[in-house]
Amino acid sequence: MYKSCALVLVGSAFLVPTCPAFADGTNAKEEKTRLVTAKPTYRVLYNQDDSNFFQRGGNTPKAVQRMVDEVAAGGADVFLVNPNSQRTSYPSKAWQTYWEGYKKGDRSFFGDIPENTIEGRIIWVESMMELAQQGDYLATALARCHERGIAPGVSVRMNDMHDAPWPNSHLFNPFWKQNPQFRLKPWPGRSWGAEGLDYAHPEVREYYLSLIRELAQDYDFDVMELDFTRFPYYFSRDNIDRHCKTMTGFIREVRQILDSTGRHIALVPRIASSPGAARQLGFDVQAWAKKGLIDGITAAHFLSTAWDIETEQFRSLVGPEVAIYVGTESSADRRDGLPTRFIPESYEMLRGFAAGHLAAGADGVNTFNFFLVRQHIPGRTAQHFFAGLRQMRSLEEARNKPRVHLISADAVHWRIECDMPVQVPLSIRAWTERQFEMLLAAEGQGQKVQALVYFDGKARAQDLWLRIGLHYVGPAVEIRQGPQRKKKDGSSGKCKIAVFNVPSGVIKDGRNQLIIRSEKVSTTILGIDVHVR
């Protein structure tokens with residue numbers, strides 16, 4: 001891909017001269033030297049979005065500090081402050097703020113959003129205004145990170161399209177509203193992100209670079225996340241190679257901006273959950289790594305938790321010196337017709353998610369929308385809730401504690417084209433078998449393993465058989481009654497759970513194949529949990 005270059009040691013870092021003959025045709029003279037440091041050692045990154053704090057009435061510097069304190073005490077290594085969607089939540093000079101042009105009591109400011117949502121938006125915008133009169137939200141949060149010993153970070157949303165159904169919403173900035181020629185052409189199935197900005201236009205790229213310049217030059221932080229997953233579309237679907245070249249050039253410009261500050265800022269883009277899906281959207285992570293443009297990546301689904309991220313394939317492309325983080329969402333899974341489970345509600349699920357991916361070679365976990373679940377757990381203190389972050393720091397610690405691994409399961413309307421392919425629901429005809437994949441971690445000493453298969457059908461325990469990789473597990477030991485399931489035809493009823501006792505040593509670290517056979521009757525698999533206790 002490129003010619004080798006000499007490395008000049010400067011302290012504990014390297015100045016790397018740019019090499020000629022890059023795959024995208026870049027001339028070496030166009031490249032700047034960059035500062036390369038060791039691979040990041042962060043284990044848990046926490047993302048705080050741009051609005052939730054204000055929606056809950058946060059409007060003082062002390063409240064901002066408390067927001068950071070809770071996460072720092074919970075065990076995260078990095079606090080990623082998201083300062084923007086299409087507007088900014090801090091007093092930016094580069095972009096329009098959320099509150100610019102708003103006058104108290106002016107409901108028309110919010111545009112064509114539903115009337116019943118305006119009161120909440122008033123709290124949101126007025127909280128930002130009140131805080132801005134007392135200080136800079138972003139500067140306050142980053143300074144508190146330094147004080148609490150947690151790495152300060154910034155997460156930039158690269159094409160946010162919240163409020164897409166209401167094109168006159170106050171969330172949309174003038175650049176988007178006044179330049180329809182710079183928008184993506186709608187494509188069936190792209191839903192919210194269908195009319196985002198098209199990065200094929202240099203004007204769009206420069207618009208985002210202007211925000212990144214301001215952040216890098218005016219604020220003190222250690223990590224920058226480019227959030228390409230909120231929302232995931234940046235190009236049309238006509239020429240993937242060209243789009244990858246364009247986006248690699250954009251990432252190079254971001255790297256140069258960060259390096260121009262004279263300090264090393266780790267660049268960690270958040271992208272799709274598989275390398276193929278990422279490249280389809282214009283993100284060539286292999287090129288980014290080989291050119292030394294990034295320090296890490298986060299792989300994640302759009303609006304759900306992916307329990308089977310292709311960590312191993314990412315590692316083969318980016319090499320050992322780029323950190324790989326796996327992203328969680330607030331929902332653990334959305335099984336067809338069954339109640340949604342939320343991953344921060346359960347330390348066991350948090351351990352299971354982290355253990356499976358860490359065993360597969362990930363360097364850590366990046367949480368998204370974690371805070372949304374706090375309201376679902378009455379009586380749980382902030383200390384107890386955020387301590388769930390600490391449960392994901394170590395494979396060694398998680399291995400020897402109770403944990404639950406899930407198979408990725410999402411209702412169809414929550415999935416987008418760059419998420420991992422669905423594995424459930426899936427029907428198995430009588431006398432046939434189907435294979436599923438799960439990322440697992442082998443049990444610790446003295447622990448026992450059970451596989452719980454949620455299904456719909458008339459199968460008895462002796463009708464369902466399980467094999468894991470090379471190992472025969474045998475028929476289910478019992479059938480339990482499962483949760484209520486709402487079907488698409490409007491009917492509802494209890495699903496069932498087939499329970500399998502898994503012998504010691506059967507599951508392995510990393511990717512495991514679970515083969516389920518249904519005898520005598522057809523069966524619809526709704527979900528699979530693996531419990532290690």
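Laboratory data are not the source of any read-out in this text; all were calculated from the coordinates shown. Note that the coordinates shown come from a computational prediction; the quantities given were computed from them, not determined experimentally. Don't worry about glycine lacking a Cβ; one is built from the backbone with ideal geometry, like all the others, and counts go over all protein chains shown.
For the reader, a short list of remarks on this structure follows.
- Computed E for H384/E147 - FRET, C-beta separation, R0 25 angstrom, nearest 0.05: 0.60
- Here the stretch 70-209 is assigned +1 on the Cβ of each Lys and Arg and -1 on the Cβ of each Asp and Glu. Its dipole about the Cα centre then comes out at about 240 debye.
- Against the chain, whose longest principal axis is taken from its Cα atoms, helix 202-218 shows a tilt of about 80°.
- Cα centre as origin, Lys/Arg/Asp/Glu Cβ charges: the stretch 311-444 dipole, Debye: 440
- Helical content of the chain, expressed as a calculated mean residue ellipticity at 222 nm, amounts to -7000 deg cm²/dmol (DSSP H runs of 4 or more residues, -39,500 (n - 2.57) each, divided by residue number, nearest 500).
- Across the options Y325, S89, P180, the greatest Cα extent toward the positive end of the charge dipole of the chain (unit charges at beta carbon of Lys, Arg, Asp, Glu) belongs to Y325.
- Extension gain for W431 to T261 (0.36 nm times residue separation, less C-alpha to C-alpha distance): 54.8 nm.
- With N the number of residues in the stretch 51-114, Rg(Cα) / (2.2 N^0.38 Å) evaluates to 1.36.
- Against the chain, whose longest principal axis comes from its Cα atoms, helix 137-148 is set at around 70 degrees.
- Just so you know, the Cα atoms of the chain work out to an Rg and Dmax of 24.0, 70 Å.
- Separation of alpha-carbon centers, the stretch 293-320 and the stretch 472-533, rounded to whole Å: 28
- Average projection, convex hull of the Cα set of the stretch 442-509: 5.7 square nanometres.
- With R₀ fixed at 60 Å, the C-beta to C-beta distance from N52 to R517 puts the FRET efficiency at about 0.85.
- In this label model, K448 and E206 are separated by 6.7 nm, measuring between points 7 Å along each Cα→Cβ vector.
- Simple label model, 7 Å out from Cα along Cβ direction - R107 to D238, nm: 4.4
- In the stretch 389-533, the C-alpha radius of gyration followed by the widest Cα-Cα span (Dmax) gives 15.7, 47 angstrom.
- Extension gain, K401-I118: 0.36 nm per intervening residue step, less the Cα-Cα distance, totals 97.3 nm.
- Among the listed pairs K103/K177; K185/K487; K401/K508; K401/K486, a Cα-Cα separation exceeding 26 Å is found for K185/K487; K401/K486.
- Mean projection of the Cα convex hull over all viewing directions, computed for the stretch 81-136: 4.2 nm².
- The radius of gyration of the Cα set in the stretch 121-160, together with its Dmax, comes out at 12.7, 34 angstrom.
- Taking every Cα-Cα distance in the stretch 165-235 and sorting them into 10 Å bins from zero, the calculated P(r) comes out as 17, 47, 29, 7, 0 percent.
- Contour minus Cα-Cα distance for A38 and D489 (0.36 nm per residue): 156.8 nm
- Amide H within-cut-off set for R485, under 5 Å, with H built and near neighbours excluded: G493, K494, C495
- In this label model, E321 and Q462 are separated by 6.2 nm, measuring between points 7 Å along each Cα→Cβ vector.
- Taking Cβ atoms as reference points and 9 Å as the exclusive limit, the residues near S408 contribute a net charge of -4, counting Lys and Arg as +1 and Asp and Glu as -1.
- Rounded to 10°, Cα long-axis angle of helix 240-259 versus longest principal axis of the chain: 60
- Debye intensity ratio I(q)/I(0), log10, the stretch 374-457, q values 0.13 Å⁻¹ (C-alpha model): -0.72
- Share of pairwise Cα-Cα distances greater than 25 Å in the stretch 212-314 is 20 percent (whole percent).
- Test item: Cα-centred dipole of the chain, Lys/Arg +1 and Asp/Glu -1 on Cβ, debye: 1260
- Compactness relative to 2.2 N^0.38 Å, alpha carbon Rg of the stretch 93-220: 1.20
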